[in-house]
Amino acid sequence: MAGCLWPCATPEVAGVGAGHKKGGLFRTKPRTPPEVVQYVAELLTYILNHKEGFSGGKRDSKLELKTIELSKSIKEMKTILYGNGEEDPCDEACKQLTKEFFKKNNDMFRHIIICLPHLDLETQKDVTQVIANLQRQRVDSRLVASEYLEANSDLLDILMSRYDNMDIAIHYSTLLRDCIRHQVAARYVLESKHVRSFFDYIQFPDFNVQSDVFKTFKELITRHKSTVADFFSKNYDWFFAEFNSKLILPASNYIIRRQAIQLLRDILLERSNAAVMVRYVSSKENLMILMNLLRDQSKAIQVEAFHVFKLFVLNKEKPPEISAIMHTNRNKLLRFLKDFTVDKEDKKFEADKGRVISDILTLALKSR
């Protein structure tokens, strides 16, 4: 490809060396993309075989040099995949790098995940960017990352188990989020015991970690429609029990709570989750939760709760117990809705509110 910064691999290329390949007495030749990957793999193997040097009191100068070299080489991979700011990435170079990274029996991905805590912050960020790019790369129209994760699903177990390391949890969350863009990976996580752990991880005291874990959780629950619908058909009871008790009811974290109510609305309004919505809005316990949220001190929480509450009211097939609760509380609901407004003029909100009021009034007339 014209303008490609990286030499293509050829049958004549042999061996891997540190830095650049020697190509003559006074010149060096850049490594090809596959050789960059091979060199990174060598460095990772060395570091993992000598990782006790990171915790020992005695300085290991060779380990330090290998770690520095690894950081440089990962940055080199990043430049191949993203370009250098002046030149765009070369398609052929990206293809070769991707093929080598996900080569069968290559433990590159596994080693880089395990080695992540031993790298400096900048290199950790470079790793997440490299992995994110590789997840999207196609080789001969194939998403090789998806095929690799299907054959090495235990890597997803490793990523999920690393959330307990608060110092690096965000990076593992980012890596997992990029992996579950592939349906095969998302299905594996949803079918594993790890999916329950998200409700605990979202409770982490560090706000940045909380937010990133929630972002990954939302991706898992919304991206692959058919897989998620199948998950809900088998896991409805425990999922929404956890969702309500750990994300919506606790008043300690306003932002996570608000995002959780927004996510609940997205779940219920998704067409593929029609059965989930019918079941959710047929529960008197869920209705009482939403009615209490309408009384929350936060106006933003009230607004988000209204968008879920209206689904109960507008449901044409209300169970008798739902109709009874609404009838009993009709005066309180109507007084609340009369003065309930949003900060900015919103015609759709006003239209929805009008429909809700109308349905509550109609319900009251039918009950006479």
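Would you check if there is a residue in region 168-177 being under 11 Å from residue 220 (Cα atoms), at pLDDT 95 or above and either surrounded by 19 or more Cβ atoms within 10 Å (Cβ to Cβ) or out of contact with any Leu (no Cβ under 9 Å at 6 or more places or on another chain) (or both)? Yes, region 168-177 has at least one match. Kindly check whether there is at least one residue in region 341-362 that is within 17 Å of residue 265 (Cβ to Cβ) and in contact with a Phe, Trp or Tyr (Cβ under 6 Å, 6 or more places away or on another chain). Within region 341-362, one or more residues are within 17 Å of residue 265 (Cβ to Cβ) and in contact with a Phe, Trp or Tyr (Cβ under 6 Å, 6 or more places away or on another chain). If you go through region 126-146 and keep only what is surrounded by fewer than 16 Cβ atoms within 10 Å (Cβ to Cβ) and under 19 Å from the mean Cα position of the chain (by Cα), you end up with just 136. Applying a threshold of 7 Å to beta carbon distances and a minimum spacing of six or more residues, or different chains, the list of pairs starting in region 347-361 at a residue that is farther than 12 Å from residue 333 by Cβ and ending at one that is aliphatic (A, V, I, L, M) reads 349/342; 355/314.
All conditions but one from (1) more than 28 Å from the chain's Cα centre (by Cα); (2) basic (Lys, Arg); (3) surrounded by fewer than 20 Cβ atoms within 10 Å (Cβ to Cβ) apply to residue 104; the one that does not is (1).
Any idea which of 166, 160 is touching a helix residue (DSSP H, G or I) at 6+ places or on another chain (Cβ under 8 Å) and not in a helix (DSSP H, G or I)?
166
For residues that are assigned to a loop (DSSP other than H, G, I, E, B), farther than 20 Å from residue 173 by Cβ and in contact with a helix residue (DSSP H, G or I) (Cβ under 8 Å, 6 or more places away or on another chain), tally how many sit in region 215-268. Talk me through it step by step, then tell me what you get.
Residues of region 215-268 that are assigned to a loop (DSSP other than H, G, I, E, B), as a first pass: 223-224, 249-253.
Subset that is farther than 20 Å from residue 173 by Cβ: 249-252.
Subset that is in contact with a helix residue (DSSP H, G or I) (Cβ under 8 Å, 6 or more places away or on another chain): 249-251.
Residues in region 215-268 being assigned to a loop (DSSP other than H, G, I, E, B), farther than 20 Å from residue 173 by Cβ and in contact with a helix residue (DSSP H, G or I) (Cβ under 8 Å, 6 or more places away or on another chain): 3 in total.
When region 42-94 is filtered for residues that are crowded, with 16+ Cβ neighbours inside 10 Å and of a type in the set (Gly, Ala, Ser), the ones remaining, listed by number, are 53, 71, 73, 93.
The residue pairs whose first member lies in region 95-111 and is farther than 13 Å from residue 77 by Cβ and modelled with pLDDT of 95 or more, whose second member is in a helix (DSSP H, G or I) and among the acidic types (Asp, Glu), and whose beta carbons are closer than 6 Å, counting only pairs six or more residues apart or on different chains, do not exist in this structure.
What residue, among those in region 57-85 that are in a loop (DSSP other than H, G, I, E, B) and within 22 Å of residue 136 (Cα to Cα), is modelled with the highest pLDDT? Outline the logic, then answer.
Within region 57-85, the subset in a loop (DSSP other than H, G, I, E, B) is 57-60, 83-85.
Narrowing the set further to residues that are within 22 Å of residue 136 (Cα to Cα) leaves 83-85.
On the way: 83: 94, 84: 89, 85: 83.
Across region 57-85, the extreme among qualifying residues is 83.
Candidates 131, 113: the one that is touching an Asp or Glu at 6+ places or on another chain (Cβ under 7 Å), part of a helix (DSSP H, G or I) and either under 21 Å from residue 165 (Cβ atoms) or not polar (S, T, N, Q) (or both) is 131. In region 334-349, the qualifying residues are those that are hydrophobic (A, V, I, L, M, F, W, C) and in a loop (DSSP other than H, G, I, E, B), and the one that is surrounded by the fewest Cβ atoms within 10 Å (Cβ to Cβ) is 342.
The values are calculated or read from the model by the stated rules, or taken from the named source; none is laboratory data. Model, not experiment: these values are computed from the prediction. FYI the Cβ positions are ideal-geometry reconstructions off the backbone, even for glycines, and counts take in every protein chain you see.
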